[in-house]
Each structure stands twice: as C-alpha cells, then as structure tokens.
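Have a look at the structure below before the remarks.
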Amino acid sequence: MATDTQAALEALLLHREIDEFFNQEAELLDARRFDDWLALLTPDIRYWMPLMRNVHSANVHDEFTNEQLDSSWMDEGLETLTQRVRQLGTGIHWAEEPVSRTTHMVSNVRLLAVRGSTSREVDTSCRFLVYRNRQQDEADIFIGKRLDTLRETEDGWKIARREIRLDQNVLLAKNLTTFF
Amino acid sequence: MEEVSEKDLQRLIDSEKGTVSREIFVDQTIFDLEMERVFARSWLFVGHEGFIPNPEDFFASRMGKDPVILTRNKQGEILVFLNSCTHRGMKLCRYDQGNARAFTCPYHGWSFSTNRDIVEEPGELVGVPHFKDGYGEHLDRKRWGLVRCPNVVVYKGTIWANWDPEAPPFLEWLGDMHHYLDVALDHRDGSPGGSEVIGGVQKWRVKTNWKIVAENFIGDMYHDISHRSVDTVGIGPGGKGRRDAQRPRLAIGFSELGHGVLGELPYTAEPDYAPTFASHPDVEAYYRKVYDDRVRNLGDRPRVTNSVGTIFPNMSFHSKQPRTILITHPISPTEVELWRLYLVDADAPQAVKDAARHYYLRYSGPGGMTEADDMENWTYAIGSSEGAIARRQDFNYQLALGKAEPVPGLQGAVQSGSYSEENQRIFYRRWAQFMSRAEWDSLMPQATPAKARSHGD
C-alpha cells in the first residue's frame, strides 16, 4: 500500500478511536458511572471552564477569562473532580438528590495535532450538548465547544486537559453539578 | 394585591412574633413596589475599581432592575448612569466592560460624553444626527443627557451608588457594620484596603426571591446542616471540612440599619496563629507572615472577624474563607441574577492568589460544591410557596426570639447566639420600614441631614 494511503488510513482509524472514546465517556456520565469516568482522567488533568464576556468585535481576545489568573466557572484537577464524585455519592448532596437526568452529546470531533508515536498525545476540538433535566420542570441545555488533550497510556486513552467553552455569558442554570 | 398599606405590612411582617408572610417572596405587586421603595433608595453595590482602572473605562452593572453604566471619566471621576438612551430607550452599552470616549446609541446615533473638557456636566448629549435640520438646534443637550445617579462613593475599592438625592451618606448607611466589611476588603495584615478583585464576574440565574439570598448570608448558622455533603468530602484549604477550623461565631445584627453577620464580638488581641492552607506550604508561609504583620499593625486596637454578612438590601459577602462579594439582582419575584466577585490580597505572591482562587471556585458560585446545594434550597423554598394554600402559611423566624443583647463597642449592634434568626427579623423589619415609605429622618434618625452636606461624598 502506498505510504500516503497508509497514513490516511491510520489517521482515519485514530479519528474513529477518539470519536468512540468520547462516545464511551458520554455513556459513563449519563449512566452515572462517575468512578469509571474518573478513571479516564490523567493524574495531572486540568479541567477548566472559563467565563465568557460580551466584548467588542475588536477585542475578541478578551472574550474568555484568562486561564490561571481570572475567575472561571470551574478550575479543577483530579483531586477536586474526585471530591465532586464523592459528594455525589454521599446521598445528601441536595443539588443532585433526587438525581438529575443528563444526556451528553459530542459532535464535530476534529484532531488538531498528534504528538509522539508510541505514547501519543492528541489535541482535539469538538462541540458538546449537555442536557440536564431535573425534578419536574427544570431543563438546562449547555452547548459549547470543548478543547481536549488526550494521552495514550497502557490503559488506553486518558484525558489530560479539557477546556470547556460554554456559549453562555450569564449562566442560565442555577448550578453546575454535571461534568462536561 | 395592588398596593401595600401600613396595615398590610403589619400583617406581612411580624418581627415580634417572628413570622413573615410568603406573599413577600412571590407577589408581583410587592416586587414592583420593592424596586421603587427599597432599591431606588438604598445604597447598592455597583462594582469595583479594579473593573475600571483607567480613564474612560466602563463596566456594565445593574441597580435593582435598572441596567447602569459604571465609568471613570477622563478626569478620573467615578460616575454611574442609567444604561438606557434618553431618546427612545435603547440600551446604550451592551458590552460587559471596556473603554470608550463617548457612549453612542446604536439606534438613532445620539452620543453622550463624560469628559469635562467637552461637557459641563458628565453625561451630556454631544452628538445628535440632524441637530440643525431636524431639531432646529433647539434640543436641550443638558436636559436630554444621560440619567446620572446622584450619589456614588468608593469604599476600599468597592463602588456604591444611591438614586435618592436625599439619601444619607454611605458611611452612615454602613454604620459600624464597616468593621465586618473591612475584614473582606482590608489586607490580611490589617492595613486598610489592600485587597484586589480577581478578573471576571460569575453571573447566573436562580429561580428564587432576592431576599432568600440576603437572609441566607445575613447570619444563618442554622442552615449549616444543608452543607454536610461538602463537609464530609473536605474541600477546605487544610483538606478538612469546607473551611479551616473556625472559632465560634455569633449572629450579630445592626437593628437600626438592617445589616448582619455571622462573626465575633470585637476583641483587642489577635488569637494565636492557626495554620491555614496547610496543604500548600508556601501559601501557609505567606499567611504566617501576614499574621505577624497584623499583630504588629493592629496592636491592641479593637478588631472583628466574620465568615458571612449581608449589607441591606442585596450585597452579601464572605470575609475569610472564601473571600467573595455576592450581589443579588432582582429579576422578578421568583428569579434573581447572582453576581460573584472574588477578592485576594493585592500584593500577595501569585501562588497565594492561585491557591485562593482554586479554593474559592470549588466552594462558591454555581460550580461551587458548597453553593450548588444552596441553589437547590433557595429554588424550591420559593417554588413550593406560590400556591394559594402555601401563601396562607407564614415562614417561621422564631429561632432565638427575645435573646438579643447589645454588643459593647458596636453602635446599634445586637448578638443573639450562634443559632439565631434575629438578623433575619432585623432584615425584615428594615424592609418593612422602606416598604412603608418612611422618610429619611425616621429611617436614619442619626444621619446627617441631606441639606447639611454636599452629595457624592
């Protein structure tokens, strides 16, 4: 097989693999298998969700709050994400008792960069739609873009970095008790 | 309900008995009257100097239901204007913040300037398309200038405004409550001011009444139980609970002013150093150093400390862990928009600011592990109060009824133990005074009369 065809096939397979990884991740979250979800994160994960400001078209560089400097919706590592999962398991975390229903959808997955050959790292971008339905009539729709860095390990792909760009200025949900 | 009479108010708020009618949390007429009688007459937090550091910077804020522009003009004056074109109402400024030489309306092109080199009074109309052929040059540019808020003050970086020209000075409105607000705004080493605001404001909507938030922060140790899940998990800076260990706090309320905190009585010697942020050694070293500086700086001067507080009507804050400002903007009887700002010592090393910010964000705001549960309680306390039968059943604020004792050293303050609803009773009594359209000489009998001072002080 010609080298370029081989390369194209490998890229396609990688793309498919990442796609499937995101689908499985969504499955775990919606099935409330949060401990299994935590196992998909690297120990040094950064999970960051900046605020979005209404800015002039000449100042779009100011649209997101600055990482590691400004306020954000969430700025997490493995320790606090684990605490969030533990809190969900207490049975007295009233924001999620009774449990909410969520559906996580991921689309427009693109591979932006692939680094390394054996233990690869892949930068990806995608769109997300997270629907949360709670109690009788609470319905939150979170839509936005995600920038993820995935790392290949002996146990498969892991999430090393996730930047969540929610398309909302004023958050139209009362709280953020789901993962993105 | 179409009007609220003195008699209605007595029925709605019984602070002697400790009951409050649910109507005040769900009724549209009461809400509309609150906008006039409480919000249009109160000192309201509108922003922070850190959002408008340079000449001609602006920050879009709110006062009650009114959008306002907070800006610093070329001469450095801090000004607040109604964010609505005087011509036909278009929202003039639709950016969260920025820098602008003039505010130009996108609709018909009227433009307004704050620069005293160009206009006599900030906010005057400077540009009107077709001024000559359309208005014959007769349009009064001063009369149709931006609606300017008559009273604006800066207090240790925070900016406050009041629409009522007769309002008492801000410092009198605040009274001795300032000692508790200072805990949040002063440097940890005790030097006045010395805090800065972290960039970005968390803004989010919750389906509750604005007073539910105010009364939660005014001193409600009783609801501690609702945070058991986060206490179990241990998000505190030392790895346990949700905060480092605290000394006992009391509900301390300012009976005449409507403010309150969970805090300590004034004391004159700094308690022994207790390690904080123990899991971050370099951060802990900073707090140890500023503790020593604090002991030196404050000497035997009285000082206080507190965890939470509310300044009537809608400004709440955390002073220590976390260190935040929360503004509750009313949207409707059953909806609020919350704005959360975070504070740090301005000259702290970046590592200290980073640890603080991470802690604040896992504690506070919609993504905070503590406050996520508050939002649930606030939502459904109101959601289950709208029915005809529910409205007949008053809320109960009888905890520690009759236990209030004066606090020596704090003008007009009372304490009523740790578990108390005295501060809520104080808050609703104050609310009823404003709702009854009391004059300033009865609302603030000790205040400097408006005639005896100049405004904007």
Legend entry - Residue list for the range B:39-76, restricted to those being free of Cβ contacts under 8 Å to residues at least 24 places away in the same chain and at positive phi: B:Gly76
Legend entry - Unmet criterion (only one of (1) exposed (fewer than 15 other Cβ atoms within 10 Å of the Cβ); (2) outside any loop (DSSP other than H, G, I, E, B)) for A:Gln68: (2)
Legend entry - Residue pairs meeting the criteria (Cβ under 9 Å; at least 6 apart or on separate chains; first at the interface with chain B (Cβ under 7 Å from one of its Cβ atoms) and hydroxyl-bearing (Ser, Thr, Tyr), in the range A:75-103; second surrounded by 16 or more Cβ atoms within 10 Å (Cβ to Cβ) and not in a helix (DSSP H, G or I)): A:Thr80/A:Tyr47; A:Thr80/A:Met74; A:Thr80/B:Ile235; A:Thr80/B:Met369
Inset, instruction - List the helices (runs of 4 or more DSSP H) that sit entirely inside the range B:172-253 and contain at least 1 residues that are out of contact with any Lys or Arg (no Cβ under 6 Å at 6 or more places or on another chain) and away from chain A (no Cβ under 12 Å). - result: B:178-185, B:210-217
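Could you please let me know if B:Val283 is part of a helix (DSSP H, G or I) and either modelled with pLDDT of 90 or more or not acidic (Asp, Glu) (or both)?
Yes: the conditions hold for B:Val283.
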Inset, instruction - Could you tell me whether A:Leu29 is more than 14 Å from chain B (Cβ to nearest Cβ), of a type outside the set (Asp, Glu) and either closer than 24 Å to A:Leu171 by Cβ or in contact with a Lys or Arg (Cβ under 8 Å, 6 or more places away or on another chain) (or both)? - result: yes
Inset, instruction - Of the conditions (1) within 8 Å of another protein chain (Cβ to nearest Cβ); (2) touching a helix residue (DSSP H, G or I) at 6+ places or on another chain (Cβ under 6 Å), A:Thr65 clears all except one; give me its number. - result: (2)
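Considering only the range B:379-386, I want to know if a residue exists there that is out of contact with any helix residue (DSSP H, G or I) (no Cβ under 7 Å at 6 or more places or on another chain), in contact (Cβ under 8 Å) with a residue 24 or more places away in the chain, within 11 Å of chain A (Cβ to nearest Cβ) and surrounded by 20 or more Cβ atoms within 10 Å (Cβ to Cβ).
Checking the range B:379-386: at least one residue is out of contact with any helix residue (DSSP H, G or I) (no Cβ under 7 Å at 6 or more places or on another chain), in contact (Cβ under 8 Å) with a residue 24 or more places away in the chain, within 11 Å of chain A (Cβ to nearest Cβ) and surrounded by 20 or more Cβ atoms within 10 Å (Cβ to Cβ).
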Inset, instruction - Go through the range B:434-451 and give me each residue that's crowded, with 19+ Cβ neighbours inside 10 Å and either part of a helix (DSSP H, G or I) or under 19 Å from the mean Cα position of the chain (by Cα) (or both). - result: B:Phe434, B:Met435, B:Leu443
Inset, instruction - Test A:Arg33 against the stated conditions and say whether it is basic (Lys, Arg), surrounded by fewer than 18 Cβ atoms within 10 Å (Cβ to Cβ), out of contact with any strand residue (DSSP E or B) (no Cβ under 7 Å at 6 or more places or on another chain) and more than 19 Å from A:Leu176 (Cα to Cα). - result: no
Inset, instruction - Can you tell me which residue within the range A:115-152, out of those that are touching a helix residue (DSSP H, G or I) at 6+ places or on another chain (Cβ under 7 Å) and hydrophobic (A, V, I, L, M, F, W, C), is farthest from A:Thr103 (Cα to Cα)? - result: A:Val122
Legend entry - Residue under evaluation B:Ala356, criteria (1) within 22 Å of B:Phe51 (Cβ to Cβ); (2) within 13 Å of another protein chain (Cβ to nearest Cβ); (3) outside any strand (DSSP E or B); (4) touching a helix residue (DSSP H, G or I) at 6+ places or on another chain (Cβ under 7 Å), criterion not met: (4)
Inset, instruction - Sort out which residues of the range B:241-294 are surrounded by 14 or more Cβ atoms within 10 Å (Cβ to Cβ), small (Gly, Ala, Ser) and under 27 Å from the mean Cα position of the chain (by Cα), and write them in order of number. - result: B:Gly241, B:Ala251, B:Gly253, B:Ser255, B:Gly258, B:Gly260, B:Gly263
Legend entry - Residue in the range A:123-142 that is touching a Pro at 6+ places or on another chain (Cβ under 9 Å), surrounded by fewer than 17 Cβ atoms within 10 Å (Cβ to Cβ) and within 14 Å of chain B (Cβ to nearest Cβ) present: yes
Legend entry - Test set (1) within 30 Å of B:Gly199 (Cβ to Cβ); (2) over 18 Å from the mean Cα position of the chain (by Cα) - A:Met74 fails condition number: (2)
Inset, instruction - Quick one: in the range B:390-428, of everything that is in a loop (DSSP other than H, G, I, E, B) and among the charged types (D, E, K, R), which residue is surrounded by the fewest Cβ atoms within 10 Å (Cβ to Cβ)? - result: B:Arg392
Inset, instruction - Write out, first by first residue and then by second, each pair whose Cβ atoms fall under 9 Å of each other, whose residues are 6+ apart or on separate chains, and whose first residue, in the range A:3-21, is in contact (Cβ under 8 Å) with a residue 24 or more places away in the chain while the second is among the small types (Gly, Ala, Ser). - result: A:Phe21/A:Gly156
Inset, instruction - Give me the pairs, please: first residue somewhere in the range A:23-50 and in a loop (DSSP other than H, G, I, E, B), second residue anywhere and aromatic (Phe, Trp, Tyr), beta-carbon distance under 9 Å, and either six or more positions apart or on two chains. - result: A:Leu40/A:Phe21; A:Leu40/A:Trp157
Legend entry - Verdict on B:Val38 being modelled with pLDDT of 95 or more and surrounded by 19 or more Cβ atoms within 10 Å (Cβ to Cβ): yes
Inset, instruction - Give the residues of the range A:169-178 that are out of contact with any helix residue (DSSP H, G or I) (no Cβ under 6 Å at 6 or more places or on another chain) and either assigned to a strand (DSSP E or B) or surrounded by 18 or more Cβ atoms within 10 Å (Cβ to Cβ) (or both), sorted by residue number. - result: A:Leu171, A:Ala173, A:Leu176, A:Thr178
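The values are calculated or read from the model by the stated rules, or taken from the named source; none is laboratory data. All values derive from a computational prediction rather than experimental measurement. Neighbour counts run over all protein chains shown; Cβ positions are idealised from the backbone, glycine included.
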